[in-house]
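**Q** Sharing a structure with you now.
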Amino acid sequence: VIEPAAGGGAADAGPSAALPIKFLKSPGMLPLPRPELGGSLDDLRGLLNFEDDDAFALWRAFLVGVGCPHGTLPILIINGEAGAGKTFLTRATRSFVDPHVALARAAPKDPRDLVAAAANNLMIALDNLSTLDAWVADALCRIAGGDGIAARALYSDLDEFAFTARRPIVVNGISDLASRGDLASRAVVMSLPTIAPARRRLERTMLAEFAAVHPFALG
């Protein structure tokens, strides 16, 4: 919201007036499509490998939760055997609200990696995790809730840095990643069925179909 200038309306300020809003563009960020009316999130149902309509409803609820301005943001945990489409669902979820040249990443090696991911991305998407270390699970809970993360500064014995972020999170893996109670209580957990060979499709074809539907589903 731009406040009107003293003695006149906002239009009196002229086009050269400085806006009190600063925009940051991190490396790799891509634009969202312009939302179009006339579509529905249901248009994505045929592209994503959910077990049933209830699982699809959970995924839609996660997307709604991403836009919540207050409170803890949701953590989406996707389980499934190899060939269940976990990575595609992770990329599609991230791309829906936060397109990026690198839609999913490996597990962070230390808190600094996680801080960098939170600082430069609207959504954190971790792909193909075999396990979830206790410190990672705790840090993800803190980021989802908007709490700070503190760690020792690089090349220092005593200096410490602290970072606060509030981000939605998606993680996927074959094993049960929601075994820790604190993480499970904040998570939307779903298991994907294995895709039968006859139903498999080329990812580039599915990505093209997703791009065509995306503006209408977003609208």
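The values are calculated or read from the model by the stated rules, or taken from the named source; none is laboratory data. The model shown is predicted, which means the values in this text are computed figures rather than measured ones. Don't worry about glycine lacking a Cβ; one is built from the backbone with ideal geometry, like all the others, and counts go over all protein chains shown. When the accessible area is computed, the model is the full protein with side chains, heavy atoms only, and any ligands, DNA or RNA have been set aside. Shrake-Rupley method; radii C 1.70, N 1.55, O 1.52, S 1.80 Å.
**Q** Going by what's in this entry, would ALA107 be described as farther than 26 Å from ASP42 by Cβ, open to solvent by 30 Å² or more (accessible area, probe 1.4 Å), touching a strand residue (DSSP E or B) at 6+ places or on another chain (Cβ under 8 Å) and part of a helix (DSSP H, G or I)?
**A** No.
**Q** Looking at the stretch 37-58, I want the residues that are assigned to a helix (DSSP H, G or I) and have a partner that is among the hydrophobic types (A, V, I, L, M, F, W, C) and open to solvent by 40 Å² or more (accessible area, probe 1.4 Å) with Cβ atoms under 8 Å, at least 6 apart or on another chain. Which pairs are those?
**A** The qualifying pairs are ASP43/PHE216.
**Q** Output the residues belonging to the stretch 183-217 that are open to solvent by less than 50 Å² (accessible area, probe 1.4 Å) and in a helix (DSSP H, G or I).
**A** LEU183, ALA184, MET206, PHE210, VAL213, HIS214, PRO215, ALA217
**Q** Find all pairs meeting these conditions: Cβ atoms under 7 angstrom apart; at least six residues apart or on different chains; first residue within the stretch 190-209 and more than 19 Å from ASP52 (Cα to Cα); second residue open to solvent by 60 Å² or more (accessible area, probe 1.4 Å) and at pLDDT below 90.
**A** That search, which allows pairs on different chains as well, returns nothing.
**Q** Let me ask something else. For the stretch 74-85, which positions are of a type outside the set (Gly, Ala, Ser) and closer than 18 Å to ARG60 by Cβ?
**A** Selection gives PRO74, ILE75, LEU76, ILE77, ILE78.
Listed here are the residues, each with its yes/no results for (1) open to solvent by less than 40 Å² (accessible area, probe 1.4 Å); (2) on the phi > 0 side of the Ramachandran plot; (3) at pLDDT 95 or above.
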| residue | (1), (2), (3) |
| --- | --- |
| ARG45 | no, no, no |
| LEU58 | no, no, no |
| GLY67 | no, no, no |
| LEU73 | yes, no, no |
| GLU81 | no, no, no |
| GLY85 | yes, yes, no |
| ASP98 | yes, no, no |
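**Q** While we're here: Please go through the stretch 157-177 and pick out each residue that is modelled with pLDDT of 90 or more and over 18 Å from ASP138 (Cβ atoms).
**A** Passing the criteria: only ASN172.
**Q** Now a separate question. Out of LEU122, LEU63, LEU114, I need the residue that is of a type outside the set (S, T, N, Q), closer than 20 Å to ARG166 by Cβ and at pLDDT below 90. Which one?
**A** Of LEU122, LEU63, LEU114, the one residue that is of a type outside the set (S, T, N, Q), closer than 20 Å to ARG166 by Cβ and at pLDDT below 90 is LEU114.
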